[in-house]
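Notes follow the structure.
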Amino acid sequence: MSDMLRSYIAGEWVLPLTSAATVDAVNPATEERIATIALCGPDDVDRAVKAARAAFQSYSAMPLDTRIGLVERLIAVFQRRYDEMVQAISNEMGAPYDLAHDAQAECGPGHLGETIKAARAMEWEKPIGGKAMLVHEPIGVCVLITPWNWPMNQIAAKVGPALVAGCTMILKPSEMAPLSAQLFAEFVDEAGFPAGVFNMLHGTGAAIGDALTSHPQVDMVSFTGSTRAGIQIAKSAADTVKRVSQELGGKSPNIVFADDGLEAAVTRGVLHCFGNSGQSCNAPTRMLVEASAYDEAVAIARRVAEKVTLGDPTARGAHLGPVASKAQYDKIQRLIEVAIDEGATLVAGGPGRAEGFERGYFARPTVFANVTNDMTIAREEVFGPVLVMIAFKDEADAIEIANDTPYGLAAYVQSLDLDRARRVGRQLHAGSVHLNGSGQDYCSPFGGYKQSGNGREWGEWGLHDFLEVKVMNGYSA
């Protein structure tokens, strides 16, 4: 991989046409530069969109099996160079080796493989009504904007279904996580996709975001990131009435009932909140605990948090790494201080760099008790290893507090009474509800309610984001 990271347009590695801007990618564990990115400008957006538009007609006309075959070749390249991807993700955003290997990088072939499976099972054409035929067709040229916190998860969850559906695309990865995107583009190039089908631009949202999302030759935008940025993207895309699919922020509730599973439920919830150093949009960051068990739950959470260790991302083990950037670290510190000022009780962790680290953005795993749902720390997405604990009186109170948020990405319920867990889960306004520590399969739709977005990704649902629906009436005699 070159030290100066180039963009990929029409099958070639290119430098920006006129922009001389660069930005350094920094290893958050060492604060050292690991690469320099050549940042694109609006003229580069135009040539990438033109390349995608030129490739669309022939690529969309390819038989589905041919497109699937190309994606299978992409998976094979990915698997052969898997360790490179693990290292890239660990270096660029601080994910510890085990997390980078077992989850972060694994999302790539995981999503690609599930997309192929869904495409083979899907009815692309079917009779409907008396004489009509329902047809699914690729939507066209797509802009895919991805974040830094789970970089390969989001790239694969967008690029995979777009490729299988027959779309052409321009990927704009986060400038904070460029190494994994650069490798993925290399994988696509090695797999042999036709020039212009996949294009990748390095750039900042400020410099090229509006140019991408407002471009009249772009048919669809898929964005994952903050709600603030999502609002701007929706406005930018509105004038051309293009489809916009968004997966945005979250402040997910984790309802814990006072039954015999308290120790396991609280432990599971704390560790899940802290996973990926708290940098997951669906993290269970608000733990709502039944009042009769609240004090015991706080004590459990303190013990669990104090046992969490931080360490070198290159080392094996279950430790946490740093948060991804100085800007993210500073935001976490600000919100911790605000929580203290507003009267939340600091149970574990707190402000400042974790002990034992003179360099790196190592935030302390933090737990707050005696939090009310109107506090800033309970309203704003921290995106760091910070858990808040809120007491509730009864089932109805838990549901009311859980739903009292502008977000609705995920929710969690912990109870050994499965009927109760199911009953509560049905009343939570969230795109994914997890009962008693359950995970989510690649085939399940992922997305949220309210300000957490308006689309669904993964599996067959991800394919539909990139397809138009046509009804051919009078198709049958």
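In the set (1) assigned to a helix (DSSP H, G or I); (2) free of Cβ contacts under 8 Å to residues at least 24 places away in the same chain; (3) more than 16 Å from the chain's Cα centre (by Cα), residue 463 fails one condition alone, (2).
Give region 55-91 a look and list any residue that's among the small types (Gly, Ala, Ser), exposed (fewer than 15 other Cβ atoms within 10 Å of the Cβ) and over 20 Å from residue 110 (Cα atoms), or say none. Once the filter is applied, which keeps residues that are among the small types (Gly, Ala, Ser), exposed (fewer than 15 other Cβ atoms within 10 Å of the Cβ) and over 20 Å from residue 110 (Cα atoms), region 55-91 yields 58, 61.
Yes/no matrix, rows are residues, columns are (1) touching a strand residue (DSSP E or B) at 6+ places or on another chain (Cβ under 6 Å); (2) among the aliphatic types (A, V, I, L, M); (3) surrounded by fewer than 24 Cβ atoms within 10 Å (Cβ to Cβ); (4) outside the structural domain of residue 95 (by TED's automatic domain parsing):
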position	(1), (2), (3), (4)
133	yes, yes, yes, no
161	no, no, no, no
175	yes, no, yes, no
200	yes, yes, no, no
209	no, no, yes, no
213	yes, no, no, no
218	yes, yes, no, no
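In region 436-460, the residue that is nearest to residue 103 (Cα to Cα) out of those that are in a loop (DSSP other than H, G, I, E, B) and of a type in the set (D, E, K, R) is 441. A single member of 37, 116 is among the hydrophobic types (A, V, I, L, M, F, W, C) and under 18 Å from residue 147 (Cα atoms), and it is 37. Condition test on residue 195, is it assigned by TED's automatic domain parsing to the domain that holds residue 69, aliphatic (A, V, I, L, M) and surrounded by fewer than 22 Cβ atoms within 10 Å (Cβ to Cβ)? So residue 195 passes the test.
Per-residue answers, yes or no, for (1) crowded, with 17+ Cβ neighbours inside 10 Å; (2) in contact (Cβ under 8 Å) with a residue 60 or more places away in the chain:
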site: 312; (1), (2): yes, yes
site: 320; (1), (2): yes, yes
site: 334; (1), (2): no, no
site: 349; (1), (2): yes, no
site: 353; (1), (2): yes, no
site: 361; (1), (2): yes, yes
site: 364; (1), (2): yes, no
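For region 165-183, the criterion of being out of contact with any Pro (no Cβ under 7 Å at 6 or more places or on another chain), closer than 30 Å to residue 227 by Cβ and assigned to a loop (DSSP other than H, G, I, E, B) is satisfied by at least one residue.
The values are calculated or read from the model by the stated rules, or taken from the named source; none is laboratory data. As the structure is a computational prediction, the values presented were derived from the model and not from experiment. Note that we place each Cβ from the backbone using ideal geometry, even for glycine, and neighbour counts take in every protein chain shown.
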